[in-house]
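Data block below; observations after.
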Amino acid sequence: MEVREAIKSRRSIGRVRSDPVPKETVEEILESAIHAPNHKVTEPWRFHVFTGKGRGEFARARAELARILGESENEEEEYIAGRVSRERKKAFRAPVVIVVISEGGRDGVETLENYAACAAAVQNMQLTAHALGLAAIWRTGSAAYHPYMREFFGLKENGRIVAYLYLGYPDVGERPRKRQPASSKTIWHEG
Ligand SMILES: Cc1cc2nc3c(=O)[nH]c(=O)nc-3n(C[C@H](O)[C@H](O)[C@H](O)COP(=O)(O)O)c2cc1C
């Protein structure tokens, strides 16, 4: 698929089939990530790939986070149990979940730019997935920012969970995209 066509036709798709994705395909998607631009060639990306039964580890972490959040909000035990169950299921929404982590830098600017590089890496992955006929959705939410998940993934200071990228074969058709035209966001400075 031509790159401009891929950029325009890619959509975030959360509804995917449960069919497994070949490991080589996942590797190709990971390979595309590491070609993203990164200032000072810090190569700040780290990945965790959860597939098959391996998603159980991710499910347990999400469930534990749901419990921590429920208890901190003084919820009833019955309500917490429901929340835990829903969170656990989220790990199985797609056959593959790739967690993209950005390493902290040597100073604030490097940390910021490492995160930017990882965001570019995630878009490379989304476009590659799309070109390979896969659906992808970049998700975050409290599971990306809570200290419990930071600890689960062994993040060092200033490291960040950039994305939970859910991948699978699409279960829905194409959707139109609504965007304001670039011209409405642009100020030209011309000679
Ligand atoms: C940093 C970031 C976090 C996101 N987190 C979520 C999320 O938690 N849940 C979700 O449904 N979509 C999430 N998305 C995907 C956006 O909802 C999606 O890109 C947006 O709706 C535009 O749709 P499109 O990607 O098809 O153009 C996230 C996107 C980005 C860039």
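No lab work stands behind these numbers, since they all come straight from the coordinates. Just so it is clear, the model here is predicted, and its values are computed rather than measured. Cβ: placed from backbone, ideal geometry, glycine included. Neighbour counts: every protein chain shown.
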Item to check | Residue-by-residue Karplus 3J(HN,Hα) for the stretch 22-37, coefficients 6.51, -1.76, 1.60, Hz, glycine and proline x | outcome: x, 4, 4, 5, 5, 5, 5, 5, 5, 4, 5, 4, 6, 8, 5, x
Checklist outcome for this item: Expressed in nanometres to one decimal, the distance between label points 7 Å along Cα→Cβ at V41 and F153 is 2.6 nm
Checklist entry - Once label points are set 7 Å from the Cα along Cα→Cβ at both I68 and R179, what is their separation, rounded to one decimal in nm? => result 3.6 nm
Checklist entry - How big is Rg to Rh over the chain, alpha-carbon atoms, Rh as the Kirkwood inverse-mean-distance radius? => result 1.01
Item to check | Within the stretch 1-42, GluC sites (Glu not before Pro) in DSSP loop having at most 15 other beta-carbon neighbours inside 10 Å | outcome: E2
Item to check | Whole-number Å³ per residue for the convex hull built on Cα positions in the stretch 3-100 | outcome: 158 Å³
Item to check | Assigned charges on the beta-carbon of Lys, Arg, Asp, Glu; the stretch 3-172 dipole about Cα centre (debye) | outcome: 520 debye
Item to check | Segment K89-R17, extension gain: residue separation times 0.36 nm, minus the distance between their alpha carbons | outcome: 24.4 nm
Next on the checklist: I'd like the distance separating the alpha-carbon centroids of the stretch 114-163 and the stretch 8-43, in whole Å.
Outcome noted: 11 Å
Checklist outcome for this item: Taking L112, L167, L155 and counting other beta carbon atoms within 10 angstrom, the fewest-first order is L112, L155, L167
Checklist outcome for this item: The residues R11, R4, sorted from fewest to most surrounding Cβ atoms within 10 Å, come out as R4, R11
Checklist entry - Among I98, I34, I161, I80, what is the fewest-to-most ranking by other Cβ atoms within 10 Å? => result I34, I80, I161, I98
Item to check | Neighbour cut-off at most 11 other Cβ (10 Å), DSSP loop, GluC sites (Glu not before Pro), the stretch 66-140 | outcome: E73, E76
